[in-house]
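Report on the following structure.
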Amino acid sequence: MARPDQVLALEPHDELRFRGPFTDVVTATLKLTNPTHRNVCFKVKTTAPRRYCVRPNSGVIDAGASIHVSVMLQPFEYDPNDRSRHKFMVMSMLAPDNMTDMEAVWREARPEELMDTRLRCTFEMPPENEDPEGESTKSLSSSSAPSLKSEASALPKSSSASLDDGEAKKILEECKRLQSEVQRLREENKQIRENDGLRRRHVGSSSVSSSSGVASLQSDSMTGRILCVVFLLVGVVVGRLFL
């Protein structure tokens, strides 16, 4: 004998949808409505009782009343390629008069008195572009990229425009002058070293030789300092040329 049609109205009526992320408990709500003039007993069962917590999982719905059932999916490692085969079944029956023991009512119920509705489970992850903050960040990034690119390309032009031909010519001439100064100092340093060698060959006294060596070292030190200053000036001038 075929079972009677379900008297309860289910919302949703055929599917429980769970939206991730699934690193925490995800809850789907099932609304059960009793449109009849009699009280109705209900019971919620699942093919995966270890994965879900249902509250309340059974009870009585008064005539014309509704009840919300919370179906809580426990955390798990989500695999988008793994389709859920979990199912729920909502069983119901008209409550007998003067009911005192609900468990006894379910045990003694005849098959023709039972009604049921099956629901499948669906897991889904929210799309990435659904995140308002991420979307705003993405739009901000995309909108600001062209302006940054245009500013970057405009920088060399503005720098070149601020440096006229006359000033560029002066800076180049200054560079040439400093290079000539460096060459002159190198030649003077070379001449000092040669003169020091001649003095060492003609003067036999150790004291004179020692003082000459000290003078040579002082000359080398001063020349090195002058060269450092000159190279620093060259760097500054060249930096002004390209800034």
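Below are the figures for this structure:
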read-out	value
Strands (runs of 3 or more DSSP E) wholly inside segment 1-109 containing at least 1 residues that are in contact with an Asp or Glu (Cβ under 7 Å, 6 or more places away or on another chain)	15-19, 26-33, 87-94
Test: residue in segment 71-84 that is surrounded by 14 or more Cβ atoms within 10 Å (Cβ to Cβ) and farther than 19 Å from residue 20 by Cβ	no
Single residue of 118, 85, 107 found to be over 29 Å from the mean Cα position of the chain (by Cα), farther than 30 Å from residue 36 by Cβ and modelled with pLDDT of 80 or more	85
Counted residues, segment 92-112 - those being surrounded by 10 or more Cβ atoms within 10 Å (Cβ to Cβ) and either without any contact (Cβ under 8 Å) to a residue 24 or more places away in the chain or in contact with a helix residue (DSSP H, G or I) (Cβ under 8 Å, 6 or more places away or on another chain) (or both)	8
Filtered residues of segment 1-56 (kept if assigned by TED's automatic domain parsing to the domain that holds residue 104, of a type in the set (Lys, Arg) and more than 35 Å from the chain's Cα centre (by Cα))	31, 38, 43, 45, 55
Output for segment 2-39, where each listed residue is among the small types (Gly, Ala, Ser) and more than 26 Å from residue 111 (Cβ to Cβ)	20, 28
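Rundown of residues vs (1) surrounded by 10 or more Cβ atoms within 10 Å (Cβ to Cβ); (2) modelled with pLDDT under 55; (3) of a type in the set (Val, Ile, Thr), yes/no style:
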| residue | (1), (2), (3) |
| --- | --- |
| 175 | yes, no, no |
| 186 | yes, no, no |
| 192 | yes, no, yes |
| 199 | yes, no, no |
| 202 | no, no, no |
| 206 | no, yes, no |
| 218 | yes, no, no |
| 222 | yes, no, no |
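The values are calculated or read from the model by the stated rules, or taken from the named source; none is laboratory data. Worth saying up front: this structure is predicted, and the values here are computed from it rather than measured. Here the Cβ is made from the backbone with ideal geometry for all residues, glycine too, and neighbour counts use every protein chain on show.
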